[in-house]
Amino acid sequence: MGESGRGVAVGAERGAATGAGAGKAGGAAAERAVVGARVLRLRTERGLTQKALAEPGYTAAYISTLEAGKVGASEEALRYLAGRLGVSYEELATGKPAHLATELRLRLADTRQLLADGEPAEAAARYAALAAEAARLALPAEEAAARLGLGDCALESGELARAIAEFERAEELLADQPLPQRVPALRGRAVALLLAGDLRYSCYLLETAIDRLNAGGLHDPHALVLLYSAVIAPYMDLGAQDRAARAAELALALAPQVADPALVARLHRGVARTLLAEGRAAEADASLARAQELYQQLQIRTELAHCHWTRGYLRAQEGDLAQAERELRTARSILADRRAALYTVQIDVELADVLRRSGRPAEAEALLTALVDSLSPERGAVHAGGAHRLLGLIAEERGEAGAAEGHYRAALALLEGAGAAADLADLCRLLGDLLRRTGQVEAALDVYRAGLAHRSAPGTTTLGPAPAGPPL
């Protein structure tokens, strides 16, 4: 067929598509016109007559009315015509060759590996290009996967508002899909909210999704483990240790049904935190070792850094400050190389605590002073509160009561805004003791009472009953 004939056929399909986009009121008629123009283009490209295309299943008259957009084609008819035209049913029905989605998914997988290797900036650029391409091709699932990747890149770089927006967009693209398919986007948004200091809303999102999955009979192991492993951190920060332990227990019970080793590794990292809170340090260390082994096999260095981070925290709780410092510096080195700004700052807070306890308050203060301005209520509220708490302790040890009180009150404001009950009671004790020693007895009593209120309901949150559990 000559180029002029092909141009006429392509122009007809483009014109029909334009009409469909411009006049939504046309509805079914516009869709018939688009499909008809596509059949016409493919038939003329192959040099087939209407009769040759139609027989033996249909008539030439049917093809004529179909190409004119006067009748719609059933799925059975489209599959028949696709076979005659040598294209897939999807390409004939949608205009998109089936291999495009497959190629996009392969490129998404390559970009995920790039992010795992610690290149968030380059990965973000590739994800943005893939999202734009998927949108142009009207492939919502692939666009949602690219948006998920963009959200993860934003988490790595500490751009929490952008991360939340990307995860929300992914949820919108998957709005008509079953809940298990929307869980990764929902989980990403909850993690971003947690890092931004909105502990209760983060917990609410995760608990609601868990409850809907279990109460609705949608017991997808992968989705549930993703949610249970994510909800452990906000539970712990809210002081709901019983719920955190239960979430860890349920996730471990479901883990044998999950084929994703990276998810299982993340689960073991979260479980270690609940075990440590229960005083089971050896079991926590074993869980971390399992996570670290999996991350090393998968060559996911960013997650491996988180294992060193948690192990540093574990060693600090055991009093092995030299090993704690080594683990935290290893984690920091890995994340700093990968420009994970927010996580690096959070590690610095825990490293400063180790330095202070090691008898090096000047080093700790210098580290905290350099980073405190990069934390805020919207960006790492719990760690910002921790930084002010440490600066208050250092000031108090130097005899600077006024500076110490200022830091303690700044920490209280941050932690109260985040709802971090697990740390508030201890902070109230520190501030109350300082006020009492400086003669402010009534103010100290008020602070002590506030601290008691934070301990009044251990192991609970303000979110109501715990979500339904899976039928194990």
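A short reminder: the numbers here are calculations on the coordinates, not readings from a lab. As the structure is a computational prediction, the values presented were derived from the model and not from experiment. Note that each Cβ is placed from the backbone with ideal geometry, even for glycine, and that neighbours are counted across all protein chains shown.
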First select every other residue whose beta carbon is under 11 angstrom from the beta carbon of T111; then total the charges, Lys and Arg +1, Asp and Glu -1.
-1
Summed residue charge, Cβ within 12 Å of V183's Cβ, Lys/Arg positive, Asp/Glu negative
+2
Pairwise label distance in nanometres, K70 with A138, each label 7 Å out on the Cα-Cβ vector:
2.5 nm
State whether segment 236-298 is rounded, prolate or oblate according to the following rule on the C-alpha gyration tensor (a ≥ b ≥ c being the square roots of its eigenvalues): a/c under 1.5 gives rounded; otherwise a/b larger than b/c gives prolate, and the remaining case gives oblate.
oblate
Just add up the charged neighbours of G402: K/R +1, D/E -1, any other residue whose Cβ is under 12 Å from the Cβ of G402.
-1
Sort 313-320, 425-432 by the packing proxy (mean of other Cβ within 10 Å over each peptide's residues), most packed first.
425-432, 313-320
Neighbour-count order for S64, S202, fewest beta carbons within 10 angstrom listed first:
S64, S202
Over all distinct Cα pairs, what is the inverse of the mean 1/r for segment 109-212, reported as the Kirkwood hydrodynamic radius in Å?
13.7 Å
Rounded, prolate or oblate, given the Cα gyration tensor of the chain, with a/c below 1.5 counting as rounded?
prolate
With a/c under 1.5 counting as rounded, go ahead and sort segment 355-461 into rounded, prolate or oblate using the C-alpha gyration tensor (a ≥ b ≥ c being the square roots of the eigenvalues; past the cut-off, prolate if a/b is larger than b/c, else oblate).
oblate
Could you sort 103-109, 220-226, 283-289 so that the peptide with the highest average Cβ count within 10 Å comes first and the rest follow in order?
220-226, 283-289, 103-109
